[in-house]
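Read the figures in this text as sums done on the coordinates, not as results from a lab. Computed from a predicted structure; not experimentally measured. Cβ atoms come from the backbone with ideal geometry, glycine included; neighbour counts cover every protein chain shown.
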Amino acid sequence: MIYPLIVILLFKFTRHFKRNQSNEDFLPFVSCIIAVYNEQDVIKAKIDSILRSEYPSDKLKIFIGSDGSTDDSNLIIKDLADKYDQVFANCFQLRSGKTSVINKMTKWVLDQNPSSPDHIIVYTDANIILSPDTITQLVSPFNDLGVAIVDSRIIQRAGHQYGIAKTEKLYMNIESEIKRKEGELWGLSMGAFGGCYALRSNYSCELPNGLLVDDFYISMQAMMNKGLSITNHKAICFENIPDSLKEEFNRKRRIAAGNFQNLQAFIPKINLMPIKLAFVFISHKVLRWLFPFHLLLFILFSALLGFLGKPIYSIIVMLFIGVWALLPLLDHLLDKWSIKISWLRSWSYFVWMNIAVLFGFYRYLRGIHQSTWQPPKRTQEDGKF
């Protein structure tokens, strides 16, 4: 909680980072890259949302890579590629993982249109639906040649009032606002949301094999190369988020494993980072990733001190068990009886997402050699907004 407060106070009382104004008349060439696995229910709506863009069609191409999809995704994207000159599809027969697909598709894009300051790559997920002006708003800040990466604002639709999706939506809104302020303050918006963001093509990089969180790696590499990272809240797109705690737990576990991969990649380079970048990286990301471990150490030492005759620490341990174990159990039991308590569901979500970090760390320790992924269960309603 300390770092967000620091960002809010600095944003309110200090001068913001100066850069050239966004220019909506700035219209560079744009290549959209979409990595797909079994997205038959949303991929057509996704492509349609890009094709409906107000961005000039002669400056916009869409590249879709299917990672060995086993549903009707390949048929749909091949049909779209045959129908529209702007759409290009590559349906890979064997699964190799998302980072492998992104690497292959980025190479394909750059073979057709070499990297340059006037060539922008938009990376976006299959379930993210764009507004007509999303791409225009994403690329307008690139009028400033110092800008390397621009993130969008993803508006999430929660399932119902008491579901975990509501809590996830609140968390994502807060996170997006912090990133916007980081971008305004320092040009260091810490990690784009992978759902939809734009990268100046001459900042593109090859992703390590098996990397699970590609968006953060790309963002950090751009900032390490002295590129500015910002969030443009005028670049709006939409996402339906699952209301299943199990699916969200699995997603967070995967993200956590990828975060530890990125920690391994960038902590050794901390001495090479500008001081501001190192400060934001550690304060915003590293400390958060390590929070569950700090909490475990605190409880273990409290239990030890309680065992050694310090009763106050025994009370702390009992309170911890009550708050971190019994309250989520109570929420689960009440849910079985169709009793919904909003704050209790939010707390359970917080507890389970921290447990997911520990499971993600275990997966990281076991070794990750392939970045294959399983999207949440979707319906055609997920492509409607």
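Worth pointing out:
- Test: residue in the stretch 322-340 that is more than 30 Å from Leu207 (Cα to Cα) and touching a residue at least 60 places away in the same chain (Cβ under 8 Å): yes
- Residue check, Glu239 assigned to a helix (DSSP H, G or I) and either of a type outside the set (Ser, Thr, Tyr) or farther than 20 Å from Pro4 by Cα (or both): no
- Residue match in the stretch 344-365 (condition: exposed (fewer than 12 other Cβ atoms within 10 Å of the Cβ) and more than 21 Å from Leu212 (Cα to Cα)): no
- Failed criterion for Val286 (all others in (1) without any contact (Cβ under 8 Å) to a residue 40 or more places away in the chain; (2) over 20 Å from Tyr362 (Cα atoms); (3) buried (at least 16 other Cβ atoms within 10 Å of the Cβ); (4) of a type in the set (Val, Ile, Thr) hold): (2)
- Subset of the stretch 366-380 [loosely packed, with under 12 Cβ neighbours inside 10 Å, assigned to a loop (DSSP other than H, G, I, E, B) and not hydroxyl-bearing (Ser, Thr, Tyr)]: Gly367, His369, Gln374, Lys377
- Single condition Ile339 does not satisfy, out of (1) within 27 Å of Ile255 (Cα to Cα); (2) outside any helix (DSSP H, G or I): (1)
- Test: Asn225 is more than 15 Å from the chain's Cα centre (by Cα), surrounded by fewer than 20 Cβ atoms within 10 Å (Cβ to Cβ) and not basic (Lys, Arg): yes
- Of all the numbered requirements in (1) charged (D, E, K, R); (2) farther than 25 Å from Val213 by Cα; (3) more than 25 Å from the chain's Cα centre (by Cα), Asp133 misses one, and that requirement is (3).
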